[in-house]
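Presented below is the structure to which this report refers.
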Amino acid sequence: MAPTAMITGITGQDGAYLARFLLDKGYQVHGMVRRSSSENFERIADLAGRITLHQADLLDQLSIVNLLHTVRPREVYNLAAQSFVPTSWLQPLLTGDFTALGVTRVLEAIRLVDRTIRFYQASSSEMFGQVRTEPQNEDTPFWPRSPYGVAKVYGHWITVNYRESYEMFCCSGILFNHESPWRGKEFVTRKVTDAAARIKLGRQDRLKLGNLDAMRDWGFAGDYVEAMWLMLQQDQPDDYVVATGEKHTVRELVEIAFARVDLNPAQYVETDPALLRPAEVNHLCGDSTKARQKLGWRPRVGFRELIEMMVDADLERVRAERH
Ligand code: NAP
Ligand code: G4F
């Protein structure tokens, strides 16, 4: 019988890639979606009829318990979160409720309904924050620099605790930044690739950015969902860093994106102090040796290829928009 997976956050970037990945593997895929006055299913619209969506919310314990009773999955991927770092300073309590306590709600539901369910938690390189060693691996201490990072540290440790306390199959994937044409437009990669396309096509004049010197280890979301799945196929649950091992500045990202559309960024890009963060994570770079050796995982898409892929997709999208 086909294995069954449940994805929270299926409407997000990673949820959309993971759903496709699991369907290709022959899974029955179920997704948890929260109620909204208007549907937000753009990234999974073409999967209608192949996946089953259920209404539940990370803030509502009973809705998650009922969902697991209904679906009876073998694997649960907890991707839902308030995932935008700047919003976490504006809404620190809500971020803690979704992104931290939400993890415990899913784990409690698994503990009550079926402890054999395999659980994946979407942890983040933001937990490393003010990094003390480079590159960062599973043993690097956490020093989160935002309410989001703090909430993810809680989510990571509660996942480890349920593994140790109840012998549940719980894995935490410490994923470095990963992007795609489906990345939300507020994140810096997509903000830049969308702007490059719009400026090229005469639909936008300027691009305002914050810290151009920040460095990230950016990979492709399509590669990273494979690592999530691989973690749940092992004999033992564990935690893994998933990263490319290369870091680049926001400035380099801008240069590649604008070069793709034959524009000089100096003519269009300006910095805006309002976009600087109260506390910045200046640089992140991951060491994914453990994932490469134990899971046999490796990234396939490089940085330049990723950014060019995103610019090309945005050009196509903007061209298709009506004025
Ligand atoms: P994303 O595009 O922002 O998607 C977040 C998802 O969470 C959306 O489907 C959203 O639903 C859902 N959600 C938020 N609050 C919810 C609630 N209360 N109840 C139910 N669903 C809720 O994020 P992503 O980039 O795919 O990232 C997936 C996960 O990985 C997140 O936990 C993120 O923090 C983590 N992560 C991401 C990266 C990265 O670079 N992308 C790196 C490390 C970790 P709506 O559509 O209804 O808003
Ligand atoms: O694209 P970002 O907003 O991503 P950030 O903060 O690194 O968080 C993302 O990756 C995390 C993994 O480490 C995830 F856990 C998290 O959910 C999210 O997916 O910003 C990247 C860098 C920052 O240093 C920021 O200060 O880009 C810098 N930046 C410069 N100008 C900007 C801008 N970021 C945004 N969003 N917008 C700007 O105008």
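Seen against the Cα atoms of the chain and their longest principal axis, helix 61-71 is set at about 80 degrees.
Taken as Cα centroids, segment 247-316 and segment 160-192 sit 17 Å apart, rounded to the nearest whole angstrom. Taking every DSSP bridge with both residues inside the chain, close to 5 percent are antiparallel.
Fully extending the segment from Thr249 to Glu164, taken as 0.36 nm per residue of separation minus the present Cα-Cα distance, adds 26.8 nm. Taking amide H as placed 1.01 Å from N in the peptide plane, the amide H of Gly286 sits under 5 Å from that of Gln136, Thr244, Gly245, Glu246, each at least 5 places away or on another chain. Per-residue 3J(HN,Hα) values for segment 155-162, derived from phi via the Karplus relation 6.51 cos²θ - 1.76 cosθ + 1.60 with θ = phi - 60°, read x, 5, 6, 5, 5, 4, 5, 5 Hz in sequence order (x marks Gly and Pro). On C-alpha positions alone, give me the angle between the axis of helix 13-24 and the longest principal axis of the chain, in degrees, nearest 10. Between the helix axis and the principal axis of the chain, the angle is about 60 degrees. Computed over protein heavy atoms with a 1.4 angstrom probe, the accessible surface ordering of Phe303, Phe41, largest first, is Phe41, Phe303.
Here the label points at Leu23 and Leu275, each 7 Å from Cα along the C-beta direction, are separated by 3.4 nm in the simple model.
Length available on full extension from Glu308 to Asp60: 0.36 nm per residue minus the Cα-Cα distance, which gives 85.3 nm. Full extension of the chain between His69 and Met1 gives 22.6 nm of extra length, using 0.36 nm per residue less the Cα-Cα distance.
Keeping all protein chains in place, calculate the accessible area per residue for the chain (probe 1.4 angstrom), answer in Å².
Dividing the accessible area of the chain by its residue count gives 45 Å².
Amide H to amide H, with H built 1.01 Å from N, Leu175 comes under 5 Å of Ser123, Ser124, Ser125, Val242, counting only residues 5 or more places away or on other chains. Set the bar at 29 Å for Cα to Cα. Now go through Lys25/Lys247; Lys191/Lys294; Lys200/Lys247; Lys247/Lys290; Lys25/Lys290; Lys208/Lys247 and name every pair that lies beyond it. Check vs 29 Å cut-off fails for Lys25/Lys247; Lys191/Lys294. Here the 3J(HN,Hα) profile of segment 272-288, calculated from phi with Karplus coefficients 6.51, -1.76 and 1.60 at θ = phi - 60°, is 10, x, 5, 8, 6, 8, x, 9, 9, 9, 6, 8, 9, 8, x, 10, 9 Hz, Gly and Pro shown as x. Each residue of segment 136-151 was assigned a 3J(HN,Hα) from its phi angle through the Karplus expression (A = 6.51, B = -1.76, C = 1.60, θ = phi - 60°), giving 8, 10, 5, 9, 5, x, 8, 8, x, 10, 7, x, 5, x, 5, 4 Hz with x at Gly and Pro.
The values are calculated or read from the model by the stated rules, or taken from the named source; none is laboratory data. This one's a predicted model, so the numbers in the text were calculated from it and none came from an experiment. Cβ atoms come from the backbone with ideal geometry, glycine included; neighbour counts cover every protein chain shown. Surface accessibility is based on the protein's heavy atoms, side chains included, excluding ligands, DNA and RNA. Shrake-Rupley method; radii C 1.70, N 1.55, O 1.52, S 1.80 Å.
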